[in-house]
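What follows is a short report on a single structure.
The values are calculated or read from the model by the stated rules, or taken from the named source; none is laboratory data. Just so you know, these numbers come straight off a predicted model, no measurement behind them. When we count neighbours, we look across all protein chains shown, and the Cβ atoms used for this are built from the backbone with ideal geometry, even at glycine.
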Amino acid sequence: MVYRVGDQYLPEGVAELDHFLRDHRTSDEKNYDIREFDLLHDLLAKLGHLDSEIDIVCGYRTPWSNNYLREHSNGVALHSQHMEAKAIDIRIPGIPTAQVRDAALSLKRGGVGYYAQSNFVHVDVGPVRRW
C-alpha cells in the first residue's frame, strides 16, 4: 500500500491504512499517527526486507475493546497506545520475531514489546521503552 511518495503523504493511502487498522470488534476507525507508518517502513528497511508483507495482529482499539481485552487476557495496558492509534502488533513472515524486536529496539522510536509465546512484536510511537 502506498501512503507516501517522497515527503508527500497521500491522503487516500493514509485513509486506506486507517480503515484497514480499524478496531475489528467495533469497526470504529481513528486517524493513525503517521509516524507509526513511517516506523514500520523504516523497520522493514532496517531488516533489509522493504518488499515484505507485514501481518497485523492488532491495530487500533477503542477504549471498549481495550477494556474487553484487559478482562479476558494478560498484558493489556490500561492506557494502551493502541487506543491512541499509535501502536500496531505485527509479524513479518519469514523473519523471527526476536529479530524484528531487535531491529525495532535499534530504531529507538517508541515502545517495543516482545511476545514470544504469541509470536508477535508490538511497535508504537509513544515514549521509548521495552518489555
**Message:** Just checking, does segment 101-111 include any residue being part of a helix (DSSP H, G or I), farther than 17 Å from ARG130 by Cβ and not hydroxyl-bearing (Ser, Thr, Tyr)?
**Reply:** no
**Message:** Pull out all pairs, ordered by first then second residue, where Cβ-Cβ is under 7 Å, the residues are six or more apart or on different chains, the first lies in segment 12-25 and is under 16 Å from ASP89 (Cα atoms), and the second is aliphatic (A, V, I, L, M).
**Reply:** LEU17/MET1; LEU21/ILE56; LEU21/ILE88
**Considering residues of segment 99-113 that are under 19 Å from CYS58 (Cβ atoms) and hydrophobic (A, V, I, L, M, F, W, C) only, the residue surrounded by the most Cβ atoms within 10 Å (Cβ to Cβ)** = ALA104
**Request:** Hey, could you check segment 43-98 for residues that are farther than 17 Å from ASP18 by Cβ and among the hydroxyl-bearing types (Ser, Thr, Tyr) and say which is surrounded by the fewest Cβ atoms within 10 Å (Cβ to Cβ)?
**Result:** SER73
**Single match in ILE88, ILE56 (criterion: under 20 Å from PRO127 (Cβ atoms) and part of a strand (DSSP E or B))** = ILE88
**Message:** Please determine whether any residue of segment 71-80 is among the β-branched types (Val, Ile, Thr) and without any contact (Cβ under 8 Å) to a residue 12 or more places away in the chain.
**Reply:** yes
**Message:** Given the options ALA104, ALA98, ALA85, name the one that is in contact with a Phe, Trp or Tyr (Cβ under 6 Å, 6 or more places away or on another chain) and modelled with pLDDT of 95 or more.
**Reply:** ALA85
